[in-house]
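Nothing in this text is a laboratory measurement; each read-out follows from the coordinates by a stated rule. Note that this is a predicted model, so its numbers are computed, not measured. Here the Cβ is made from the backbone with ideal geometry for all residues, glycine too, and neighbour counts use every protein chain on show.
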Amino acid sequence: MKLIKKQIPLAIVFFFGVLTLASYYVPHKVSVDFMEMMNKWENIVSAFAFFLGLISLFYSHYHKISRKADGWGYSLFVYIGFFAMVVPAILCHGKLMGAAGQTALGWSFSFMYNPLSATMFAVLAFYIVSTAYRSFRIKSLQAFVLFMAAFLLILGKVPLGQIIWDSVLGWTGAGVDQVIEWIMGVPAVAGKRGIMIGIAIGAIVTSFKIIFGIERQYMGKD
Amino acid sequence: MSETWMIAGAWIAAGLTVFLFSFLYKDNPFFKIAEHLYLGAGMGWWFQVYVYNILGPKVWTPLVNHDWMVLIPAILGLSLVTQFVPKISWVSRYGFTFLMGYGSGLAIPAGLSTDFISQIGGTIRPLSMMASMTPWAIFNSLLVAFGVICVLFYFFFSVEHKGHFKKVSNIGVYFLMIYFGAAFGNTVMARFSLLYGRFDDLYTFSASKYLYATQIILAGMIIYFAIHGLMNRGKKQAEAVN
Amino acid sequence: MLKEKLQKFFKIDRRWIFLLLAVVLFAPIIKPIGLPNKTISRDVQHAFDYIDKLPAGSFVLFSLDYDPATRPELHPQAVAMVRHAFKKNLRVGVVTYIAGSTGLIGQIFATVPAEYKKVNGSDYVIFPYMANAVAVMTQMASDFYGIYDKDQDGRDARTLPVMQGIKNYKNIAMIVSITGTSMLDYWVAYVGDKFSVPVVGGVTAISQPGYGPYLQTGQLKGLIGGMKGAAEYESLIKEPGKGTSGIDSLNLAHLLVLALILTSNIILLIIKYL
């Protein structure tokens, strides 16, 4: 039992890991064909992974409704939303545009999914402003440096800010857009590149750990 | 699409937008409805995309044409779903290990060349071309190189940060702060752009050809909050009297 | 007395700030301020120049990977770049790896091609959504049709006039990746670096600073960042759109944030030293 529960899965991860890694560096037809097949497979497997999320969402809301838990009525709207997209999709075979213009699915996308999804993220603008007011504290030199970089970027990205800069600091001969370009192109690159190299090392080490079966948390407990 | 559908769409879009924004004032049932609809609609959208773009053409069609090879990834994919049955949930490991093995195998070479070697190369290369560079460009490339080294010192945890080591890593913090500051400035712009997008739509739907959807829904929300507030006050007073 | 007043002012109900932002952002939509974007940043100019120099008939692969959540920033970028490509008579192929973007791609190609008399199948082609970008990207290096054998409408991709002579990355002049996800990183790492295909990006303002290193090394040929980038590109192709009007509306909101940060810090300084 241990063989099929543990050792074969670990062999799979090693097998596919090493072959995928190797085929990056081997420009032979066999490796190219192998990658071609792997890519197709992966595409299909990851589509199934989506159903995991779907099933668990449905299950938790079904549970709420069947137990008549607090606010169970709202859970019904999860299903309403789902079918509001899926039923039109079935009717027009997943097409957004038809010969006569927008299909029913296109309509659901434009007037339901689009506003809902966009508004969810747009709300964050309000919180960023109130947080800026309440928690952006310039208490140390480091915080001041952070503030200056943010200040210049926020100011210089809009025409009105550029006008203000020109009228106050125009005598320096440098436009705020040039200052921003320098910040983004020199010190910010250094900061980001340091982070990037650090993350790359971490990711490579973790990947090796996964391939060699040292890191196996994703397999769950047994 | 007929005009009636356009108007209905405008009312729904404006309504859902206003409902979601209403949370900024106070939590309320309209917000909760819109929030749950968002969950469902998002899932529904993705579901149809997967069915019509992958499962249909990549699994079903080949199977109909007797291409049995696709059964292997399909079974690996199906194995993931056993997650929900505790007794046989170990079967899902076959799917997961395939995904992890493939992903790790791809991540190593890409991370190595793009984010590691290329970045070190990009830091050093300008230093080798100094003869043809302006003094300002030379200063900038030296500054980048210096900054990267300081930041790396900051991230190097194997040695205790003290003495000169601490000084260098402290300078690294300033480079990080500039990067974070720039990132914050850009975040502000990005979030405002999204909000602008929503407001722009609301403005569009406020036109007479959409029968003033935005104004009417907004007014409805305000009336709801006013009545709700008054009723709550009434309740509180009644409780106080009792 | 003043101290208490200031403290009270500092702890103002945040909903007033919300309202202030809403007013400051909504008012210019109703009545534009009339201060459009004037400057062009280096990276946007580079992106523009790169496309502008391509010979007519070159095949440009657009990877449009953004959903409604980042639409206001990225949609104007995509529209402007597709317009530019059509203006220069380039062949356009569209792929996507984000499920939410198929609808937005539909919105672009429902109107833009007609303006330039471009025909689906002979001047441009839209491929269906695919899960797992990296797998598909690697695949296209050997055989484009191994993954994309059919276009979005189910037509055989090999026989489409727009695809003539396209087999893999060697036949693709450049890749434009407009995305609110890490898709651009994948294009750089798995395609640009490995198969030396030029990559140009369009990203949200949030992720823009993160691409500085790639731009400096030349791993990215150009970058359009956020709504400002869209406005810049629109002014380069002389077709003002949603980016241009968006920047106009952001003017006051940006100054509001700066004013708020300064106000709160000044108040705290006064409270501390009074």
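Summary of computed values
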read-out: 10 Å Cβ shell holding at most 15 others, DSSP loop, trypsin sites (Lys or Arg not before Pro): longest site-free stretch of chain B; value: B:27-161
read-out: Percentage relative contact order, chain C, counting C-alpha pairs under 8 Å, at least six apart; value: 27 percent
read-out: Restraint check, A:Lys157/C:Lys31; C:Lys87/C:Lys150; C:Lys38/C:Lys150, Cα-Cα greater than 31 Å; value: C:Lys38/C:Lys150
read-out: For residues of C:124-136, the mean tally of beta carbons on other chains within 10 Å; value: 6
read-out: Top positive-direction residue, dipole computed over the protein assembly as shown with Cβ charges, set B:Leu24, B:Ser208, B:Met6; value: B:Leu24
read-out: Sites C:Asp13 and A:Ile4, calculated FRET efficiency, Cβ-Cβ separation with R0 60 Å, nearest 0.05; value: 0.45
read-out: Rounded if a/c under 1.5, otherwise prolate or oblate - the protein assembly as shown, Cα gyration tensor axes; value: rounded
read-out: Debye, to nearest 20: dipole size of the protein assembly as shown, +1 on Lys, Arg Cβ, -1 on Asp, Glu Cβ; value: 1700 debye
read-out: Viscosity 1.567 mPa s, temperature 4 °C, Stokes-Einstein D of segment A:72-122 from Kirkwood C-alpha radius, µm²/s; value: 111 µm²/s
read-out: Cβ neighbours within 10 Å from other chains - mean over C:217-228; value: 4
read-out: Packing-based ranking, highest mean first, of A:90-96, B:112-118 given that Cβ atoms within 10 Å are counted; value: B:112-118, A:90-96
read-out: CD proxy at 222 nm, helix term only [per DSSP H run n ≥ 4: -39500 (n - 2.57); per residue of chain C; nearest 500]; value: -15500 deg cm²/dmol
read-out: Relative contact order (%) - criterion: Cα under 8 Å, at least six apart; region: segment B:141-223; value: 20 percent
read-out: Relative contact order of chain A, pairs being alpha-carbon contacts under 8 Å that are 6 or more residues apart, as %; value: 16 percent
read-out: Cα-based radius of gyration of chain C once divided by 2.2 N^0.38 Å, which approximates compact folds; value: 1.19
read-out: Alpha-carbon spread of chain B, three principal axes, descending order, Å; value: 76, 61, 50
read-out: For residues of C:1-14, the mean tally of beta carbons on other chains within 10 Å; value: 1
read-out: ³J(HN,Hα) computed for each position of segment A:61-66 - Karplus, 6.51 cos²θ - 1.76 cosθ + 1.60, integer Hz, glycine/proline x; value: 7, 5, 4, 4, 5, 5
read-out: Trypsin sites (Lys or Arg not before Pro) lying in DSSP loop within segment A:1-77, provided at most 12 other Cβ fall within 10 Å; value: A:Arg67, A:Lys68
read-out: Packing-based ranking, highest mean first, of C:61-73, B:219-231 given that Cβ atoms within 10 Å are counted; value: C:61-73, B:219-231
read-out: Rounded if a/c under 1.5, otherwise prolate or oblate - segment A:1-69, Cα gyration tensor axes; value: oblate
read-out: Entries in A:Lys68/B:Lys32; B:Lys167/C:Lys272; A:Lys64/B:Lys26; C:Lys88/C:Lys238 that, when Cα-Cα distance is taken, lie over 19 Å; value: B:Lys167/C:Lys272; A:Lys64/B:Lys26
read-out: Convex hull of segment C:30-109 built on C-alpha atoms - directionally averaged projected area, nm²; value: 6.7 nm²
read-out: Qualifying aspartates and glutamates (Cα of each under 15 Å from Cα of A:Lys6; at least 8 residues distant if same chain); value: A:Glu215, A:Asp222
read-out: Förster-model FRET efficiency, 22 Å R0, A:Lys139 and C:Val23, C-beta, rounded to 0.05; value: 0.10
read-out: Loop sites in segment C:109-195: trypsin sites (Lys or Arg not before Pro), DSSP, at most 11 other Cβ within 10 Å; value: C:Lys117
read-out: Relative counts (whole %) of C-alpha pair distances in chain A, using bins that are 5 Å wide; value: 1, 5, 6, 7, 9, 10, 9, 10, 15, 14, 8, 4, 2, 0, 0, 0
read-out: Ordering of C:218-230, B:170-182, A:130-142 by burial proxy (mean other Cβ atoms within 10 Å per residue, highest first); value: C:218-230, B:170-182, A:130-142
